[in-house]
Structure formats: C-alpha cells, structure tokens
Amino acid sequence: PRSTVPPEHVAAMKSFIENGGNALLSTWSVPNERQTGWVDLGVADLLALAGVAAEEDLIFEMDPARRPPRGSGEAFFAKPGPHPVTEQLLREEESGVSAVVLAVRSLRDLNTDVKPEPLLVTSPKAFGAMNFWGRTELAGQLKPGPDDHIGPLVIATASQRPEKNGKKGARIVVLQGTSSLLGVNWTANDLRGNALLVEGAFSWLASHERFLDIPDKPLKATGVRLTEDAMVSIRNYVLFVIPSAVALLG
C-alpha cells in the first residue's frame, strides 16, 4: 500500500487470516507529503497476527560487502536465514545470487504465542535510523545514534499461527519494501534472488506438507561375462529348445 488501508479492508483480511487463511504481507516506508515522517499504513493489526511490528526506522547497511558501490546503504543485499521459504535462495547464494532490498524498515518480535522466524536479515554493521526526516546530515554521512536500532536487523519473517478449533493455523510471510514484488525480478538476472524469495514464499504458503524428495541413485556400470560353455548352452536353447517347445504346443 502507498496510503492508509481502509479499516474495513484490514478487518476483512484479519478475519481471513484468523480463520486459517495463509497470507503474504508486504509493506514499506512511505513518506508523507511534507516528508516529515512516515505514513501510517494502518496495517499494524495484520502484522501483529504474524507476531511482528514494523519499526519507524529506515535501514542503512554499512557493510561494504553487503551494498552496491553507489548509494548510501539504503539499498543492500540481505542475508537469508534457514527456512523452507529460502531453501532455493540459500542453495544459489554461493553462486552470487542475493535478495536485493531498498528502503526497508526493521521488524520487531512482539514476543507473543506466534514465533516469527527470520527470512532476511542485515549485517551487524547495519542500523535503523530513527527520526530520519529530522536529521540534518546527508544520507551518505549518517552514523548510528543512541536512539537508532543496531544490526543485525530482521526485515522479513515467516510465521505459523497456533491451531484453532482443531485446524492448522495460518502461515504468514511478512516482507519489508517493494523491491521483492517488482516484475523486473523475473526478467533481470541480477535480481533473481528476489524472485526466488517470493516463489519460495508462495510455495510454503500454498503447501501444508513437505513432499519427500528422493534423490537420484548414482549410475553403476554393469556387465555380463559369458564363458564358451555358456555361449554353447544359449545357442542350443535358442536354436533347438524354444522351436521344439513351440512345435509341440502348436
């Protein structure tokens, strides 16, 4: 959303999730018209169903290995955490595939009975700048202050709600930022990590049981060794025994 979500829409989505409906929730930092703060999107109750709350900060990644050469750290490569959602992303991370995020806020665990698991985190050198619009420093000169949140910070989570009336609780994936849902993720190789994250999220949300993955057995070379006597026996069997048996039956 780019503006406050109507309360009746939030109530409908909240009812859907509370009754077992799985959901992918994506929010981001939207500046107000005067650029003096962030717009209240009105989705706090939805995020609370996943056991998290979005902080009023803006994350800057200070680790050079986790950010592009250009920019101030507001765009960076997030570190995936172990989870079925990120299995494919982790598998391809060694080949240089990463999830790229832009202008994101951190997520706080509400310590409820819903236990969110981190899907994407920042490096320990990152920080979440509070009161970003009230600062006088240029973005490239920002340094963490006493009120800022220090990394590693969580920016995406997966949650499983407890059972209700004998039914499985809803599964919820929360993503911060809009970069994960851009269509270009499925056409640009540099953004393949975002596509893998979203596809993994939908796969996990749509499935209730994990399918058994049976690995292929390694091929083994086999051969048949025949002696001279064996060759004679096979010849006699093919030329005399089988034709005689067919003739008798005929």
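The values are calculated or read from the model by the stated rules, or taken from the named source; none is laboratory data. From a predicted model like this one, the values you see are computed outputs, not experimental measurements. Here the Cβ positions follow ideal geometry from the backbone for every residue, glycine too, while neighbour counts run over all protein chains shown. Quick note on the areas: whole protein, heavy atoms, side chains included, nothing else; ligands and nucleic acids left out. Shrake-Rupley method; radii C 1.70, N 1.55, O 1.52, S 1.80 Å.
Tabulated results
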| quantity | calculated |
| --- | --- |
| Selection within region 137-160 - of a type outside the set (Val, Ile, Thr) and in contact with a Leu (Cβ under 7 Å, 6 or more places away or on another chain) | ALA156, ALA158 |
| Criterion violated by LEU119 - all others in (1) surrounded by fewer than 24 Cβ atoms within 10 Å (Cβ to Cβ); (2) in contact with a Gly (Cβ under 8 Å, 6 or more places away or on another chain); (3) in contact (Cβ under 8 Å) with a residue 40 or more places away in the chain; (4) closer than 23 Å to ALA23 by Cα satisfied | (1) |
| Unmet criterion (only one of (1) open to solvent by 60 Å² or more (accessible area, probe 1.4 Å); (2) outside any loop (DSSP other than H, G, I, E, B); (3) closer than 19 Å to GLU199 by Cα) for ASP45 | (3) |
| So LEU24, is it crowded, with 21+ Cβ neighbours inside 10 Å, under 22 Å from the mean Cα position of the chain (by Cα) and farther than 18 Å from SER106 by Cβ | no |
| Any hit, region 16-38, residues being in a loop (DSSP other than H, G, I, E, B), among the basic types (Lys, Arg) and in contact (Cβ under 8 Å) with a residue 40 or more places away in the chain | no |
| Scope region 51-66; condition surrounded by 18 or more Cβ atoms within 10 Å (Cβ to Cβ), out of contact with any Phe, Trp or Tyr (no Cβ under 8 Å at 6 or more places or on another chain) and farther than 21 Å from SER3 by Cα; matching residues | GLY51 |
| Hits in region 3-21 - residues which are surrounded by fewer than 13 Cβ atoms within 10 Å (Cβ to Cβ) and of a type in the set (Asp, Glu) | GLU8 |
| Unmet requirement for SER29, which otherwise passes all of (1) of a type in the set (Gly, Ala, Ser); (2) closer than 18 Å to PRO118 by Cα; (3) in contact with a Leu (Cβ under 7 Å, 6 or more places away or on another chain) | (2) |
| The lone exception for LYS143 - which of (1) modelled with pLDDT under 90; (2) assigned to a helix (DSSP H, G or I) it fails | (2) |
